[in-house]
Amino acid sequence: DIDKAFYTVIAGAEKKDRSTISEQDRRVTAYHEAGHALVTRFIAPENKVSRITIIPSTKGAGGFSMNIPPDRMYHKKRDMENSIKIALAGRAAEELIFGQENITTGASNDLEKATDTLLNMIRRFGMNSTSGLLNYDVLYNNGFRQVQADVLEECKVRMDAFYDEVKGLLLSNIRILEAVAESLLARETLDDKDLDLIIQAFEKAG
């Protein structure tokens with residue numbers, strides 16, 4: 001009951017009537033969420049992937065992958081970069097499996113989070129080599145209006161690089177991605193132990 005209540009607060013109650021959901025939409029959701037979960041496990045193994053589901057919620061989500069990082073006082077640059085890559089992984093999985101012309105709106109919230117994190121890294125925290133330790137908010141408030149274009153260009157270049165890296169990682173593990181997605185289609189919900197068993201099966205098989 002506590003477990004159910006936790007995920008209800010986080011993602012909303014499970015939608016009971018799923019008869020109107022097409023099989024194609026289920027497949028897109030399965031690969032999208034499998035992408036998030038796999039990239040989390042590969043680049044941030046210290047994070048717990050507590051649940052992966054393709055059951056839609058009453059809040060409008062088609063499914064979700066719950067990724068719980070360790071409790072820390074500060075956010076490291078590497079951790080922030082990893083969170084961006086994890087956010088991009090759902091869209092990357094969609095593109096790899098269904099093609100660029102068939103990507104969906106399912107990554108809307110992911111892109112919002114990734115953009116916000118990257119913007120803060122560049123604008124506020126001095127975490128990019130182009131501007132060094134300068135704070136763009138201070139520059140803008142002191143009359144340096146051109147910094148907006150600089151920030152936009154830097155964000156685009158780095159986001160594209162992160163996305164290419166994520167696609168490469170998923171492409172090199174495409175069989176595991178397919179296995180996780182197919183398991184989701186069959187069972188609808190997986191936990192961290194289920195995910196580890198699938199990955200370990202491929203590692204043992206070589």
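The values are calculated or read from the model by the stated rules, or taken from the named source; none is laboratory data. Remember, predicted model here, so these are calculated numbers, not experimental data. Glycine gets a Cβ as well: all are built from the backbone with ideal geometry, and neighbour counts include every protein chain shown. Side chains are part of the model used for accessible areas, which takes the heavy atoms of the whole protein and leaves out ligands, DNA and RNA. Shrake-Rupley method; radii C 1.70, N 1.55, O 1.52, S 1.80 Å.
Assorted remarks:
- For segment 62-181: relative contact order, % (alpha-carbon pairs under 8 angstrom, 6 or more apart): 26
- Given their separation in residues at 0.36 nm each and the Cα-Cα distance between them, LEU119 and THR189 gain 21.9 nm when the chain is fully extended.
- Dividing the mean sequence gap of close Cα pairs (under 8 Å, 6+ apart) by how many residues the chain holds gives a relative contact order of 25 percent.
- Spin-label pair ILE68/LYS48, simplified geometry with 7 Å Cα→Cβ offset, distance in nm: 0.3
- Computed about its Cα centre, the charge dipole of segment 118-206 is approximately 320 debye, with only Lys, Arg, Asp and Glu carrying charge at their Cβ.
- Helix-only [θ]222 nm of the chain, DSSP H runs n ≥ 4, -39500 (n - 2.57) each, per residue, nearest 500: -21000 deg cm²/dmol
- If only the Cβ of Lys and Arg carry +1 and only the Cβ of Asp and Glu carry -1, the dipole of the chain around its Cα centre is close to 320 debye.
- Choice from GLU23, GLU81, GLU33 showing the highest fluctuation, given a GNM over the chain with Cα pairs closer than 10 Å: GLU23
- Rolling a 1.4 angstrom probe over the protein heavy atoms with all chains in place gives the chain an accessible area of 57 Å² per residue.
- Flagged links, alpha-carbon separation over 30 Å, of LYS167/LYS204; LYS48/LYS167; LYS76/LYS204: LYS76/LYS204
- Rounded to 10°, Cα long-axis angle of helix 108-123 versus longest principal axis of the chain: 30
- Between 0 and 90°, nearest 10: helix 2-11 axis offset from the chain longest Cα axis: 50
- Here segment 65-104 is assigned +1 on the Cβ of each Lys and Arg and -1 on the Cβ of each Asp and Glu. Its dipole about the Cα centre then comes out at about 300 debye.
- When the Gaussian network model of the chain links Cα atoms closer than 10 Å, the mean-square fluctuations of ASP137, ASP116, ASP25 top out at ASP137.
- For the chain, the longest principal axis of the C-alpha atoms and the axis of helix 77-98 are separated by about 50°.
- Whether segment 68-159 is rounded, prolate or oblate, judged on the alpha carbon gyration tensor where a/c under 1.5 counts as rounded: oblate
- Correct choice for Kirkwood radius over Cα pairs in Å that was computed from the model, options (1) 17.7; (2) 19.1; (3) 18.2: (3)
- Segment 21-89 shape via C-alpha gyration tensor axes, a/c threshold 1.5: prolate
- Gaussian network model of the chain, Cα within-10 Å springs - most flexible of ARG145, ARG51, ARG124: ARG145
- Extension gain (nm, one decimal) between ASP164 and ASP196, 0.36 nm per residue minus Cα-Cα: 9.0 nm
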